[in-house]
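Structure first, commentary second.
The values are calculated or read from the model by the stated rules, or taken from the named source; none is laboratory data. What you see is a predicted model, and the numbers here were worked out from it, not measured in a lab. Glycine gets a Cβ as well: all are built from the backbone with ideal geometry, and neighbour counts include every protein chain shown. Areas reflect the complete protein model, heavy atoms only, side chains present, ligands, DNA and RNA absent. Shrake-Rupley method; radii C 1.70, N 1.55, O 1.52, S 1.80 Å.
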Amino acid sequence: MLLAATIYSLEDINKFNDSGLDIFILGNKDFGNRLVSSFSEEEIKEAKLLIHSLNKQIYINVNLIMHNEQIESVTNYLTFLKEIDVDGIIYGDIGIYMLAKNIGINKLMIYNPETLNTNSYDQTFWANKEILGIVISKEITIEDIIKISENKTILTGIVGHGYLNMFHSRRPLIKNFLTFNDVESEPFIDNHNLTLVEEIRDEKYPVIEDNQGTHIFRDKPMHSFSEFDKLKQAIDIFIIDGIFKDSDYLNDVIKDYYLCNKKDKVKLKDKLVKKYETDHDTGFLYKKTVYDKY
Amino acid sequence: MKKPELLAPAGDLEKLKIALIYGADAVYIGGKKFSLRARASNFEIKDIKEAVEFAHSLNKKVYITTNIIPHNDNLEGLVEYLQDLEKINVDAIICASPVIIDTALNNTNLEVHISTQTSTTNYETINFFKELGAKRVVLARELSKTELGLMKDNTDMDLEVFIHGGMCVSYSGRCTLSNNMTDRDANRGGCAHSCRWNYQLFENDHEVTSEIPFSMSSKDLQTVKHISDLIDLGIDSLKIEGRMKSIHYIATVVKTYRTLIDDICDEVDIDLPKYLLEIKKAENRLTSHGFMEGITSIEQQLYNMRSENPTQEFIGLVKDYNEETFIATIEQRNKFNPGDYAEITSPNFENMKFKIDKIMDEDGNELETARHPKQLLKIFIPFKVNEFDMVRKIKL
């Protein structure tokens with residue numbers, strides 16, 4: 001299994017490489033959603049050279065929900081990524097797979113729609129489309145993750161650590177709300193310090209509005225320290241998403257997972273919680289959602 | 001000018017009949033399996049068969065939603081279920097998950113429509129589903145008329161567009177608010193509508209504004225003013241949302257759009273205020289045109305809890321009419337009294353008003369008021385009405 005993580009800046013590359021990271025995930029805000037940082041084409045070229053010189057891999061997040069008027073610019077972007085020879089492209093919109101197929105890079109594509117890869121057939125289906133891999137949906141239990149991975153023929157990953165997204169609207173919901181209340185909205189766009197609290201709950205859900213719409217996240221970042229050994233046997237890529245944290249936090253987390261098999265896993269989590277004053281949970285790994293009886 | 005299909009929801013057999021009688025060309029229903037409304041469904045295979053036979057007798061269609069995003073343990077019986085649907089001649093299934101799409105295509109001759117749960121927002125995705133063998137895509141609700149035009153220009157696939165009803169504020173299929181906040185899986189029919197709740201917005205520990213709660217709740221979609229454009233674009237099917245809505249809602253909404261589509265295609269002068277007034281009678285939440293004109297603004301959001309109630313109240317469903325005595329038998333739906341003013345809405349004629357005189361029970365006893373739901377009552381109506389016509393209380 002390879003460890004993958006988002007990076008905050010090009011300086012992270014050597015640092016995270018030393019900590020044991022295998023795959024570096026970058027993106028640009030015009031083509032990627034919920035990124036920790038936005039990298040220009042020049043920066044991505046530079047990152048690619050450095051990452052390949054370290055014998056590591058570079059993945060690019062092109063996970064926008066693509067609207068018709070973006071087809072041309074996304075095609076150009078995919079062509080650029082093909083030319084500079086990245087190792088993987090993460091997409092969440094099937095239209096982007098079609099564009100990639102047209103320019104002959106379907107074998108670089110990793111499908112991560114976040115909510116739609118939920119059963120074993122999704123693995124088979126996308127394997128038949130000759131892509132590089134899929135990322136299993138975030139609301140799937142560890143039991144099902146293992147089952148889905150059993151007969152895999154393409155790379156299969158999960159997002160195993162970080163704040164998971166739980167909502168994406170095309171609507172500018174923060175701007176609209178503030179405009180309605182006569183509050184200047186500009187300081188609150190692309191602002192990573194905002195949270196929503198529901199009226200009868202205590203949890204604080206991070207929320208961002210950007211040029212792709214409005215995104216709401218789980219209140220706690222997930223971790224998989226105790227499950228890491230089991231997951232290692234099942235999946236190929238373990239993704240760490242650093243959104244709402246920083247480079248130091250990410251570096252600690254990468255090191256922790258890299259050395260996870262040699263350490264006390266409960267202590268790893270407790271140390272992280274204490275150092276960064278952030279509680280973590282295990283997401284949906286043990287939480288079966290209901291749908292017919294409640 | 002190509003006349004688009006008018007597609008309506010039906011939560012049960014009565015609603016299905018109402019939708020078709022009031023002018024829908026097709027209805028969509030959820031069975032007890034693989035549907036996002038499975039929990040509330042009344043449709044066993046035998047009921048779906050009855051629905052299909054009824055629709056086909058009117059040369060109309062029935063589509064079955066099999067639109068869940070299944071996990072591994074939700075797939076038992078899928079092939080058999082789809083084969084059963086094929087045997088009873090349903091006209092199509094509406095689905096989103098590859099396992100359901102491929103199972104249908106590989107094991108049956110069912111026509112496959114791709115659900116809005118896939119949030120299809122571009123023509124490349126449409127063409128992907130075409131290559132798979134689907135016949136139609138139900139497009140995402142986040143598309144403007146300009147985008148719809150671009151899509152129509154770049155595919156020959158059948159396109160279905162939502163024109164009326166409740167809206168997910170999230171891209172459909174991409175939301176797990178409910179999963180996270182209530183452990184209920186939105187993509188398997190458990191949505192708790194957490195997007196309709198009240199929130200506070202903080203920056204760090206400071207509340208950004210406390211004037212009113214933060215709300216992301218969407219107004220319902222209503223596109224009376226846009227139907228003409230959608231017809232010009234060549235959209236193949238215009239879809240109304242609301243499998244949980246009442247028969248009065250279904251009748252009113254379907255009839256309004258039916259008349260509007262017919263009038264546009266017959267090139268009759270369109271009196272938009274008339275249609276807007278009529279559709280308002282079914283409104284139980286404020287409405288807007290959604291994304292028809294592009295990215296939404298405050299006009300598309302609900303910022304207070306107050307929703308306007310319908311100004312007209314549905315008081316009875318006509319079951320029978322005696323042309324000699326002018327006495328109609330109606331089934332009570334809301335309280336009314338002698339002396340109330342009422343109007344009849346009917347699939348067969350424009351709304352007609354009358355004053356309610358005496359109200360009698362089935363045995364001819366005169367009643368002071370009609371207060372019992374579903375009680376059969378007899379009232380005098382001075383013009384011919386038909387089974388399935390509806391009586392609304394109005395203020396003159």
Q: Scan A:134, A:189, A:200, A:174 and give me the residue that is in contact (Cβ under 8 Å) with a residue 24 or more places away in the chain and either farther than 29 Å from residue B:208 by Cβ or more than 8 Å from chain B (Cβ to nearest Cβ) (or both).
A: A:134
(Q) Looking at A:150, A:139 in this structure, which one is open to solvent by less than 10 Å² (accessible area, probe 1.4 Å) and among the acidic types (Asp, Glu)? (A) A:139
Q: Go through the stretch B:368-394 and give me each residue that's open to solvent by 40 Å² or more (accessible area, probe 1.4 Å) and assigned to a strand (DSSP E or B).
A: B:376, B:378, B:380, B:393
Q: Run down B:15, B:33 and say which single residue is in contact with a Pro (Cβ under 9 Å, 6 or more places away or on another chain), open to solvent by 10 Å² or more (accessible area, probe 1.4 Å) and outside the structural domain of residue B:346 (by TED's automatic domain parsing).
A: B:15
**Q.** Residues located in the stretch A:32-74, provided they are surrounded by 17 or more Cβ atoms within 10 Å (Cβ to Cβ), of a type in the set (Ser, Thr, Tyr) and either part of a helix (DSSP H, G or I) or in contact (Cβ under 8 Å) with a residue 40 or more places away in the chain (or both)
**A.** A:59
Q) Quick one: which of B:189, B:165 is buried (at least 21 other Cβ atoms within 10 Å of the Cβ), within 7 Å of another protein chain (Cβ to nearest Cβ) and farther than 30 Å from residue A:245 by Cβ? A) B:189
Q) Taking helices (runs of 4 or more DSSP H) that fall entirely within the stretch B:76-187, which contain at least 1 residues that are touching a residue at least 40 places away in the same chain (Cβ under 8 Å)? A) B:78-87, B:98-107, B:145-153
Q. Which one is farthest from the other protein chains (Cβ to nearest Cβ) among residues in the stretch A:75-96 that are open to solvent by less than 10 Å² (accessible area, probe 1.4 Å) and either assigned to a helix (DSSP H, G or I) or of a type in the set (Gly, Ala, Ser) (or both)?
A. A:88
Q. Out of the stretch A:62-73, which residues are within 16 Å of residue B:150 (Cα to Cα) and out of contact with any Gly (no Cβ under 6 Å at 6 or more places or on another chain)?
A. A:67, A:68, A:69, A:70, A:71, A:72, A:73
Q: Return a yes/no flag: does the stretch B:306-316 have any residue that is over 28 Å from the mean Cα position of the chain (by Cα), surrounded by fewer than 19 Cβ atoms within 10 Å (Cβ to Cβ) and not hydrophobic (A, V, I, L, M, F, W, C).
A: no
Q) Within the bounds of the stretch A:252-266, is there any residue that is under 30 Å from residue B:40 (Cα atoms) and hydrophobic (A, V, I, L, M, F, W, C)? A) no
Q.
Suppose we filter the stretch B:222-238 for residues that are assigned to a strand (DSSP E or B) and open to solvent by 10 Å² or more (accessible area, probe 1.4 Å); how many remain?
A. 1
Q: Kindly indicate which of B:349, B:291 is of a type outside the set (Lys, Arg) and surrounded by fewer than 20 Cβ atoms within 10 Å (Cβ to Cβ).
A: B:349
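Every residue, every condition in (1) within 23 Å of residue B:195 (Cβ to Cβ); (2) buried (at least 17 other Cβ atoms within 10 Å of the Cβ), yes or no:
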| position | (1), (2) |
| --- | --- |
| A:198 | yes, yes |
| A:231 | no, yes |
| A:240 | no, yes |
| A:244 | yes, yes |
| A:262 | no, no |
| A:284 | yes, yes |
(Q) Restricting to the stretch B:209-229, count the residues that are more than 7 Å from chain A (Cβ to nearest Cβ) and free of Cβ contacts under 8 Å to residues at least 60 places away in the same chain. (A) 3
**Q.** Index of the failed condition, residue B:182 passing every other in (1) surrounded by fewer than 21 Cβ atoms within 10 Å (Cβ to Cβ); (2) facing chain A (nearest Cβ under 7 Å)
**A.** (2)
